[in-house]
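Taking it in order: structure first as structure tokens, then the write-up.
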Amino acid sequence: MTDIYEPLVKIVGKNYVSNQKEERYFYARDGGLMPAHEPDYVVLPRTTEEVQEIVKLANREKVAIVPKGAGLALTGLVIPQKGGIVLDMKRMDRILEVNEKARYVVVEGGTTQGALKSYLQKHHPDLRHSIPDSPPVATVVANVVIHGQGRLSHQYGFNSDMVSGLEVVLPTGELCRLGSCSVSSYWFSKGAPLPDLSGLFLGWFGATGIITKLGLKLYPCKKMRDVMVVLTDRAELVPDILLKLSHTEMMEDINVSAQPLPLRFKGTFWIMGYITGDSEDELEFKRQMVWGSLWDYFEKREVGLLSVSPDMKAPLMSMPSKDLTRFADVAKGGGFQYAGPITPIEKFPAFIKKLEEVAAKYQVFYASTTRLIGSGHCMMFSFSFSFNRANPDEMARAKKALDEASGFALEEGGVLWKADLDEQKMLMGKMDPNTLNLMKKIKQLLDPNGIMNPGNWEVK
Amino acid sequence: MSELKFDKTKCADCQAVACLVKCQYIDLDRNTAKQEWQKVINGEDSFVLEACTTCYACEEYCPFENHPFYLIVERQEEKGILPAPRPIVTMWINQCQPVGKFMVGKIERKALSYCYLPQFNALVKGKLFNGIASSVIFGQEFFCNAVYLHYARTSVIKERLPKVLDNINKQGIKELVCLHDECYGTFTSLAPAYGIDVPFKPIHYFEYLYERLKEYKERIRPLNIKVAYQRNCSARLAPETDHFVDDIFSLIGAERLNREYDRENGLCCAEIFRMAKGPKLADEVQRRNIDDMVRVGAEYCVFNCPACWDSLADKVARKGIKPIHMIDLCKLAIGEEQSLKLPALTVEV
Ligand SMILES: Cc1cc2nc3c(=O)[nH]c(=O)nc-3n(C[C@H](O)[C@H](O)[C@H](O)COP(=O)(O)OP(=O)(O)OC[C@H]3O[C@@H](n4cnc5c(N)ncnc54)[C@H](O)[C@@H]3O)c2cc1C
Ligand code: SF4
Ligand code: SF4
């Protein structure tokens with residue numbers, strides 16, 4: 001392979017490119033369980049033009065290139081399987097435009113969730129975006145690239161459904177705009193009424209191009225917010241409870257927690273629903289509607305409403321959830337990964353049973369958070385395991401548990417989310433051959449030299 | 001297995017049936033009360049068993065210390081009645097299960113019990129705790145377990161309480177200052193009612209505070225404040241400690257406002273009702289209670305129990321009344337600061 005260090009320095013300056021051991025070590029891995037693989041270069045571009053230059057160079061030299069946000073997808077999607085360049089997007093972090101009247105924001109390819117949240121709070125307090133519960137350094141673009149879900153997903157679907165326009169550097173270096181912004185200065189739609197080309201990039205894990213700008217829909221931000229915690233001890237009731245809650249159309253976000261520790265969670269499912277209002281009266285109306293929807297279950301003593309003390313409420317109200325991040329390190333030693341199949345909510349009891357079964361079989365510490373997507377159209381059910389990275393045996397057991405859980409999810413009609421390489425193979429093995437062929441043609445058309453995040457969505 | 005010492009002959013002679021006639025949640029005339037109570041005694045079905053909100057108050061109403069509430073709970077459990085939904089009961093049983101994760105300080109003859117309430121970590125500060133602050137026990141292993149009275153699970157109390165007493169005894173503690181009022185009620189009312197021996201002397205923290213305040217008498221600057229006192233459910237297990245509230249208040253210049261819902265007619269924090277009977281009753285009781293505080297012109301609402309604090313502090317604060325725990329109030333009187341405060345409630349959107 002030609003040494004492209006100097007040409008890269010020419011593009012971004014020597015402070016923003018490295019071929020040193022330390023950086024290569026760090027960028028060879030994420031916090032999850034996929035094996036590490038070192039890049040040859042780590043590059044941090046600042047502008048779209050720099051990204052174009054880097055991509056053109058890589059394409060010319062047939063060097064692999066992997067775009068990276070915060071690396072928090074945790075399924076090895078930013079591990080450079082064939083070496084080459086890891087393109088760390090964190091310097092492209094500007095918030096370019098907020099259109100208050102059309103309710104969208106345009107951000108650069110490396111803008112973080114935390115930065116967007118605080119920017120909106122400060123400058124546009126009536127607007128918000130669907131923030132996921134990943135640590136705040138996670139990037140907005142990568143989250144839609146993997147079809148993430150956030151705090152407004154019950155109301156508005158996957159976060160990627162909220163995209164309102166894209167600017168992409170194609171694997172051959174051309175710059176391309178998709179959606180309304182391709183014909184207008186407004187970024188209000190990613191497709192309609194044009195052919196929707198955003199699907200060539202969303203869900204592709206960076207294997208078809210690098211998103212340098214993203215339009216994202218914003219939603220009304222009410223003045224007050226509250227959480228209601230509903231408990232049941234019967235997994236088989238959970239789907240119906242979720243549908244009943246969803247039917248009220250009063251909740252912006254609905255999650256279910258299941259975990260054996262701390263002990264207060266043992267043996268019960270905690271359903272947490274968030275309501276918002278511009279006044280205490282509005283909140284109270286919503287509380288009553290929500291509670292009314294579960295009254296029959298309550299009278300039968302199957303479902304309870306938990307009193308939430310101020311100390312308990314504070315972490316539940318934090319966005320992103322601090323509890324989730326805390327769990328991610330519960331085994332100490334910084335290892336955490338989850339399989340999060342997207343699946344019909346009727347599968348909840350079967351998935352819980354499987355989770356308990358694999359956790360016991362492989363002796364790993366588990367937790368699960370389910371998030372309702374759309375009005376109950378599906379859910380993200382997480383099989384989450386935390387492990388100590390200094391304990392290879394524990395890591396191997398966690399990986400086996402995840403693989404078994406993913407295999408099960410697929411059998412049950414689920415679709416694996418942010419699939420690692422093994423899971424992608426499982427998915428493609430089950431996929432309609434014509435669909436697979438179409439994916440292959442798209443990939444070949446866009447990325448003739450196969451330089452973009454190689455290994456991912458690679459149809460043999 | 002310990003058995004409740006309940007004397008039905010006392011009831012046979014009792015004309016007033018104060019236990020049920022005074023109940024704030026079940027409206028009964030004397031005759032019906034007598035009939036229903038007889039059913040409860042006989043182990044027959046009575047609507048009282050379903051209607052009881054588990055406010056504990058009949059323990060105080062009974063002039064013969066015959067433990068009517070404990071009998072109600074026994075009967076509820078025998079009949080499989082769930083005063084709260086099953087998952088709530090399960091959650092409570094699991095969360096306070098002893099698992100060997102307790103905290104013990106440098107234990108002396110006399111010690112403080114934080115029960116299983118982390119709020120005492122914030123509260124126990126300053127001069128009032130000089131010389132005893134490090135002699136502390138905390139955790140599920142020292143949890144008084146009386147809460148299961150709300151959930152028709154005396155069986156859990158009977159199983160866990162003797163072990164808790166043993167755990168305390170093993171620390172060599174001879175006198176235990178109960179910072180959680182409910183621990184005191186457990187050791188002085190519940191345990192004896194079941195014939196369970198308490199191998200140390202329980203001291204109510206009101207008494208402790210009163211004695212310490214007297215030591216610091218010259219430091220006390222009268223607070224000159226008007227106070228609504230928030231009586232809690234477990235205060236009904238040890239009504240004999242109520243006079244300490246008056247004693248402390250008179251020492252520090254706080255006026256215990258004469259209001260409808262104090263003393264025997266006190267309303268508990270009602271958060272248990274939310275889980276047991278649903279939000280409507282809980283909200284209604286809380287509203288009545290707080291409106292009463294506002295009506296009499298309370299500047300402060302003084303809490304005895306940290307659980308009441310969790311339920312009501314935020315709500316009284318919204319009505320312009322300052323919430324404060326009794327320990328903090330005493331600290332204020334000797335020029336120290338309030339340390340248990342409401343968390344900056346994350347209302348961010
Ligand atoms: C504790 C915890 C909680 C989480 N909770 C949630 C949650 O609630 N909802 C949720 O959706 N996720 C959640 N996640 C998963 C994940 O962290 C998020 O989805 C996050 O948004 C991923 O962003 P990232 O910047 O870390 O992505 P990365 O891991 O860096 O990248 C993900 C993918 O995007 C590609 N990519 C990155 N930038 C670009 C670009 N500019 N152009 C093209 N491709 C690009 C990468 O190559 C990779 O394939 C959670 C993770 C953790 C650790
Ligand atoms: S419990 Fe007490 S108040 Fe009730 S009937 Fe018996 S003696 Fe009377
Ligand atoms: S505990 Fe309270 S509600 Fe129940 S019977 Fe006694 S006084 Fe009435």
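The values are calculated or read from the model by the stated rules, or taken from the named source; none is laboratory data. Because the structure is predicted, anything quoted here is derived from the model rather than measured. With ideal geometry, Cβ positions are generated from the backbone for all residues, glycine too; neighbour counts draw on all protein chains shown. Accessible surface areas use protein heavy atoms only, side chains included; no ligands, DNA or RNA. Shrake-Rupley method; radii C 1.70, N 1.55, O 1.52, S 1.80 Å.
I'm trying to understand the selection: among the residues of region B:166-213, which are part of a helix (DSSP H, G or I) and of a type in the set (S, T, N, Q)?
Residues satisfying the conditions are B:Asn167, B:Asn169, B:Thr186, B:Thr188, B:Ser189.
Quick check on A:Thr325: is it open to solvent by 20 Å² or more (accessible area, probe 1.4 Å), touching a Pro at 6+ places or on another chain (Cβ under 7 Å) and assigned by TED's automatic domain parsing to the domain that holds A:Phe387?
Considered against the rule, which asks whether it is open to solvent by 20 Å² or more (accessible area, probe 1.4 Å), touching a Pro at 6+ places or on another chain (Cβ under 7 Å) and assigned by TED's automatic domain parsing to the domain that holds A:Phe387, A:Thr325 comes out as yes.
Kindly provide the set of residues from region B:35-89 that are away from every other protein chain (no Cβ under 14 Å), open to solvent by 60 Å² or more (accessible area, probe 1.4 Å) and in a helix (DSSP H, G or I), ordered by number.
B:Gln35, B:Gln38, B:Lys39, B:Asn42, B:Phe47, B:Glu78
Looking at (1) modelled with pLDDT of 95 or more; (2) over 26 Å from B:Ala152 (Cα atoms); (3) in contact with a Leu (Cβ under 9 Å, 6 or more places away or on another chain), can you tell me which one B:Ala122 breaks?
Failed condition: (1).
Yes/no per residue for (1) more than 8 Å from ligand 2 (Cβ to nearest atom); (2) in the same structural domain as B:Phe69 (by TED's automatic domain parsing); (3) in contact (Cβ under 8 Å) with a residue 40 or more places away in the chain; (4) under 23 Å from the mean Cα position of the chain (by Cα):
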| residue | (1), (2), (3), (4) |
| --- | --- |
| B:Ala16 | no, yes, yes, no |
| B:Cys19 | no, yes, yes, yes |
| B:Asn31 | yes, yes, no, no |
| B:Glu36 | yes, yes, no, no |
| B:Glu44 | yes, yes, no, no |
| B:Glu50 | yes, yes, no, yes |
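Which of (1) at pLDDT below 85; (2) farther than 17 Å from A:Pro135 by Cα; (3) open to solvent by less than 20 Å² (accessible area, probe 1.4 Å) does A:Gly335 not meet, given it meets every other one?
(2)
Please determine whether any residue of region B:145-156 is out of contact with any helix residue (DSSP H, G or I) (no Cβ under 8 Å at 6 or more places or on another chain) and open to solvent by less than 10 Å² (accessible area, probe 1.4 Å).
So far as region B:145-156 goes, no, none of its residues is out of contact with any helix residue (DSSP H, G or I) (no Cβ under 8 Å at 6 or more places or on another chain) and open to solvent by less than 10 Å² (accessible area, probe 1.4 Å).
Pick from region B:69-99 the residues that are within 16 Å of ligand 2 (Cβ to nearest atom) and within 17 Å of the chain's Cα centre (by Cα): which of them is farthest from B:Asp242 (Cα to Cα)?
Step by step, filter region B:69-99, then rank; the result is B:Val73.
Could you check how many residues of region A:273-296 are more than 8 Å from chain B (Cβ to nearest Cβ), open to solvent by less than 40 Å² (accessible area, probe 1.4 Å) and not charged (D, E, K, R)?
8
I need every pair where a residue in region A:284-295 that is without any contact (Cβ under 8 Å) to a residue 24 or more places away in the chain has its Cβ under 9 Å from the Cβ of a residue that is in a helix (DSSP H, G or I) and open to solvent by less than 50 Å² (accessible area, probe 1.4 Å), sequence separation at least 6 or different chains.
Final answer for the pair search is A:Gln288/B:Pro279.
Yes/no matrix, rows are residues, columns are (1) more than 24 Å from the chain's Cα centre (by Cα); (2) within 16 Å of ligand 3 (Cβ to nearest atom); (3) outside the structural domain of A:Ala396 (by TED's automatic domain parsing); (4) outside any strand (DSSP E or B):
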| site | (1), (2), (3), (4) |
| --- | --- |
| A:Ile11 | yes, no, yes, yes |
| A:Val42 | no, no, yes, no |
| A:Val63 | yes, no, yes, yes |
| A:Ala70 | no, no, yes, yes |
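Please find, among B:Ala228, B:Ala193, the residue that is within 21 Å of the chain's Cα centre (by Cα) and crowded, with 24+ Cβ neighbours inside 10 Å.
The conditions single out B:Ala228.
What tally of residues in region B:14-34 results from selecting those that are near ligand 3 (Cβ under 9 Å from one of its atoms), part of a loop (DSSP other than H, G, I, E, B) and not β-branched (Val, Ile, Thr)?
4
Does region B:134-151 contain at least one residue that is part of a loop (DSSP other than H, G, I, E, B) and within 14 Å of another protein chain (Cβ to nearest Cβ)?
Checked region B:134-151: at least one residue is part of a loop (DSSP other than H, G, I, E, B) and within 14 Å of another protein chain (Cβ to nearest Cβ).
What are the pairs, 6+ residues apart or on separate chains, where a residue within region B:251-279 that is away from chain A (no Cβ under 14 Å) has its Cβ under 9 Å from a residue that is hydroxyl-bearing (Ser, Thr, Tyr) and open to solvent by 10 Å² or more (accessible area, probe 1.4 Å)?
That search, which allows pairs on different chains as well, returns B:Leu251/B:Tyr210; B:Ala254/B:Tyr300; B:Arg256/B:Ser250; B:Glu264/B:Tyr61; B:Leu267/B:Tyr261.
Please go through region A:253-264 and give me each residue that is more than 8 Å from chain B (Cβ to nearest Cβ) and closer than 18 Å to B:Asn94 by Cβ, ordered by number.
If the condition is that a residue be more than 8 Å from chain B (Cβ to nearest Cβ) and closer than 18 Å to B:Asn94 by Cβ, then A:Val256, A:Ser257, A:Ala258, A:Gln259, A:Pro260, A:Leu261 are the ones that fit.
Scan (1) out of contact with any Ser or Thr (no Cβ under 9 Å at 6 or more places or on another chain); (2) within 9 Å of chain B (Cβ to nearest Cβ); (3) in contact (Cβ under 8 Å) with a residue 24 or more places away in the chain; (4) open to solvent by less than 20 Å² (accessible area, probe 1.4 Å) for the single condition A:Asp226 breaks and write down its number.
Failed condition: (1).
How about region A:134-181: which of its residues are touching a residue at least 60 places away in the same chain (Cβ under 8 Å), in a loop (DSSP other than H, G, I, E, B), crowded, with 24+ Cβ neighbours inside 10 Å and more than 18 Å from the chain's Cα centre (by Cα)?
The answer is A:Pro171, and nothing else.
Tell me which of these B:Val285 doesn't satisfy, since it passes every other one: (1) part of a helix (DSSP H, G or I); (2) farther than 17 Å from B:Thr54 by Cβ.
Checking B:Val285 against (1) part of a helix (DSSP H, G or I); (2) farther than 17 Å from B:Thr54 by Cβ, the one that fails is (2).
Do you know which of the residues in region B:302-345 that are more than 12 Å from chain A (Cβ to nearest Cβ) and loosely packed, with under 15 Cβ neighbours inside 10 Å is farthest from B:Cys55 (Cα to Cα)?
So the residue we want is B:Gly335.
When the residues of region B:90-107 are narrowed to those that are assigned to a helix (DSSP H, G or I) and facing chain A (nearest Cβ under 8 Å), which ends up surrounded by the most Cβ atoms within 10 Å (Cβ to Cβ)?
B:Met91
Residue-by-condition table, conditions (1) among the β-branched types (Val, Ile, Thr); (2) touching a Gly at 6+ places or on another chain (Cβ under 7 Å):
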site	(1), (2)
A:Arg46	no, no
A:Gln52	no, yes
A:Ile65	yes, yes
A:Tyr119	no, no
A:His124	no, no
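Quick check on region A:434-452. Is at least one of its residues farther than 30 Å from A:Asp88 by Cα, touching a helix residue (DSSP H, G or I) at 6+ places or on another chain (Cβ under 9 Å), not assigned by TED's automatic domain parsing to the domain that holds A:Lys353 and not small (Gly, Ala, Ser)?
The answer is no; no qualifying residue exists.
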